[in-house]
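Here the structure is laid out as structure tokens; the discussion comes afterwards.
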Amino acid sequence: MKIIPAISAETVSRFTTKELRENFLIPSLFSPDSVELTYWETDRTIVGSAVPIKGPLKLEASKKELAADYFLERREIGILNIGGAGSVEVDGVTYAMSKLDCLYVGRGAKSVVFTSANEADPARFYLLSYPAHATYPTTLAKQNDAAAVQLGSQETANERTIYKYIHGDGIKSCQLVMGITCMKPGSIWNTMPSHTHLRRSEAYLYFDIDPAHRVIHLMGSPQETRHLVVAGGEAILSPVWSIHSGAGTSSYTFCWGMGGENQDFNDMDGFPIAELK
């Protein structure tokens, strides 16, 4: 499991593009027949993926990083399928998952196994995990079950639909909040005006992007912004002091997930566009 350290805003202000990418971009997701996991020291976040093709894949604990007998011994996890049909078996119970279905698995589940329904069109499971202090039931949400919120406008090129899966009024969890944002045709800006939230860290997964196109992800403190060029299937780590916005060269979808002090989706510190630098 790769480990990425927590880094201060002052240190990042001196980073090169290479250093920014090494510390905030996760490019090695969705490898065939593999479970990929990255441990970020901020809030002890784990970002990962599973792409079962030739056979099932099991979510295993790493003794070195987690010192646990099984992955969810002291953790919870959100699982989003961004690929073909598949299933996740949790302690002997199977949950069928189509594209954009989300499964929450609570602390204490000992066995998590990923399977694809069709080898030619495999499931692509995105994983986001945080420590958990209590146990909540494993719960599946279809995209139609998610709370949908319409935001933005055509005039500002940020018309989008937010689907909330794991949140205070949806699937219950200890600290994980998770959902997706789908950009409308012709809209490219996400999370603009931008914000930070000092009480929660966040991770973005960009997907459903034409391979020839990219998203220009903005990060950094509001008065000293930086950017990363992100391809489909790549994830961004967003520290508590950083904004997290982006503009695509074509339409795209992204999964957002947070963990920290609370689960209040609206707990954020906004910054007017005119004040960004």
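The values are calculated or read from the model by the stated rules, or taken from the named source; none is laboratory data. No experiment lies behind these values; they were computed from the predicted model shown. Neighbour counts are summed over all protein chains in view; Cβ atoms, including those assigned to glycine, are modelled from backbone coordinates with ideal geometry. Only protein heavy atoms, including side chains, enter the accessible area calculation; ligands, DNA and RNA are left aside. Shrake-Rupley method; radii C 1.70, N 1.55, O 1.52, S 1.80 Å.
A compact table of results
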read-out: Subset of segment 218-228 [in contact with a strand residue (DSSP E or B) (Cβ under 6 Å, 6 or more places away or on another chain) and either closer than 21 Å to residue 78 by Cβ or open to solvent by 20 Å² or more (accessible area, probe 1.4 Å) (or both)]; value: 218, 225, 226, 227
read-out: Residues of segment 247-257 satisfying the condition of being open to solvent by less than 10 Å² (accessible area, probe 1.4 Å) and either in contact with a helix residue (DSSP H, G or I) (Cβ under 9 Å, 6 or more places away or on another chain) or assigned to a loop (DSSP other than H, G, I, E, B) (or both); value: 252
read-out: Odd one out for residue 184 among (1) among the basic types (Lys, Arg); (2) more than 19 Å from residue 270 (Cβ to Cβ); (3) open to solvent by less than 40 Å² (accessible area, probe 1.4 Å); value: (3)
read-out: Identity of the residue in segment 160-170, touching a Lys or Arg at 6+ places or on another chain (Cβ under 9 Å) and crowded, with 19+ Cβ neighbours inside 10 Å, that ends up nearest to residue 253 (Cα to Cα); value: 160
read-out: Candidate set: segment 259-277, residues that are under 16 Å from the mean Cα position of the chain (by Cα) and open to solvent by 10 Å² or more (accessible area, probe 1.4 Å); chosen: the one nearest to residue 206 (Cα to Cα); value: 265
read-out: Within segment 234-253, tally of residues that are more than 18 Å from residue 45 (Cα to Cα) and not β-branched (Val, Ile, Thr); value: 7
read-out: Extreme residue, nearest to residue 56 (Cα to Cα), among residues of segment 117-146 that are free of Cβ contacts under 8 Å to residues at least 40 places away in the same chain and among the acidic types (Asp, Glu); value: 121
read-out: Boolean, residue 168 is part of a loop (DSSP other than H, G, I, E, B) and farther than 18 Å from residue 267 by Cα; value: no
read-out: Segment 171-181 - residue that is part of a loop (DSSP other than H, G, I, E, B) and under 15 Å from the mean Cα position of the chain (by Cα) and, of those, surrounded by the most Cβ atoms within 10 Å (Cβ to Cβ); value: 176
read-out: Residues satisfying the stated conditions in segment 131-159, i.e. in contact with a strand residue (DSSP E or B) (Cβ under 7 Å, 6 or more places away or on another chain) and loosely packed, with under 12 Cβ neighbours inside 10 Å; value: 150
read-out: Answer residue from segment 60-79, given it is open to solvent by 10 Å² or more (accessible area, probe 1.4 Å) and touching a Phe, Trp or Tyr at 6+ places or on another chain (Cβ under 9 Å) and is nearest to residue 3 (Cα to Cα) among those; value: 65
read-out: Residue ID - nearest to residue 241 (Cα to Cα), chosen from residues in segment 187-217 that are open to solvent by 20 Å² or more (accessible area, probe 1.4 Å) and free of Cβ contacts under 8 Å to residues at least 40 places away in the same chain; value: 216
read-out: Residue selected from segment 9-45 under the condition more than 16 Å from the chain's Cα centre (by Cα), of a type outside the set (Lys, Arg) and farther than 15 Å from residue 239 by Cβ, by the criterion surrounded by the fewest Cβ atoms within 10 Å (Cβ to Cβ); value: 16
read-out: Those residues of segment 229-246 which are within 20 Å of residue 124 (Cα to Cα), open to solvent by 10 Å² or more (accessible area, probe 1.4 Å) and in a strand (DSSP E or B), in sequence order; value: 234
read-out: When residues of segment 98-113 are limited to those that are touching a residue at least 60 places away in the same chain (Cβ under 8 Å) and out of contact with any Gly (no Cβ under 8 Å at 6 or more places or on another chain), the one surrounded by the most Cβ atoms within 10 Å (Cβ to Cβ); value: 106
read-out: Residue match in segment 204-213 (condition: of a type in the set (Ser, Thr, Tyr) and over 20 Å from residue 28 (Cα atoms)); value: no
read-out: Matching entry among 95, 126 (being surrounded by 14 or more Cβ atoms within 10 Å (Cβ to Cβ) and touching a Cys at 6+ places or on another chain (Cβ under 7 Å)); value: 126
